[in-house]
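The values are calculated or read from the model by the stated rules, or taken from the named source; none is laboratory data. All figures in this text were calculated on a predicted structure; none of them were measured in a lab. In this analysis, Cβ positions are derived from the backbone assuming ideal geometry, glycine residues included, and neighbour counts consider all displayed protein chains.
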């Protein structure tokens, strides 16, 4: 991997990007949050932008379909060595997530970063004291 290559912490499948586009037409700008909560920690929640208050320990992982994607601090610590891949599957997700009425739900898949990708991310991250 060349040193200038960008390593994304979160990406989305084509199906997820299509659903994001449809939802944006209906609801306007959106945002995502991955909390790892009690109900289904593999399902990111999708909200109209601003309807979920991001906490002090939440972290912006990146953007999918142009929409910001946040993760809770504890979940980031657990998943920091993986790339999150947002996909769509049939079924109902969290009841507050806007895709519910579509008969689809977002689902987080993941893969471990390669050593080369991790080195790029490690170099880009602010160093902790």
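Return the residue satisfying two criteria in turn: it lies in segment 79-91 and is in contact (Cβ under 8 Å) with a residue 12 or more places away in the chain and not in a strand (DSSP E or B), and of such residues it is nearest to the chain's Cα centre (by Cα). The extreme case among them is 79.
Scanning for something buried (at least 17 other Cβ atoms within 10 Å of the Cβ), modelled with pLDDT under 90 and either closer than 17 Å to residue 12 by Cβ or in contact with a helix residue (DSSP H, G or I) (Cβ under 6 Å, 6 or more places away or on another chain) (or both), does segment 40-54 turn up at least one residue? Within segment 40-54, one or more residues are buried (at least 17 other Cβ atoms within 10 Å of the Cβ), modelled with pLDDT under 90 and either closer than 17 Å to residue 12 by Cβ or in contact with a helix residue (DSSP H, G or I) (Cβ under 6 Å, 6 or more places away or on another chain) (or both).
Residues in segment 55-69 that are buried (at least 17 other Cβ atoms within 10 Å of the Cβ), out of contact with any helix residue (DSSP H, G or I) (no Cβ under 7 Å at 6 or more places or on another chain) and more than 15 Å from residue 13 (Cα to Cα): 61, 68.
Which of the residues belonging to segment 97-129 are within 29 Å of residue 29 (Cα to Cα), in contact with a helix residue (DSSP H, G or I) (Cβ under 8 Å, 6 or more places away or on another chain) and either assigned to a helix (DSSP H, G or I) or modelled with pLDDT of 95 or more (or both)? Passing the criteria: only 102. Return yes or no: is residue 76 surrounded by 17 or more Cβ atoms within 10 Å (Cβ to Cβ), assigned to a loop (DSSP other than H, G, I, E, B), out of contact with any helix residue (DSSP H, G or I) (no Cβ under 6 Å at 6 or more places or on another chain) and at pLDDT 90 or above? Answer is no for this residue. Just one of the listed residues (94, 65, 36) is at pLDDT below 90, under 16 Å from the mean Cα position of the chain (by Cα) and on the phi > 0 side of the Ramachandran plot, and it is 36.
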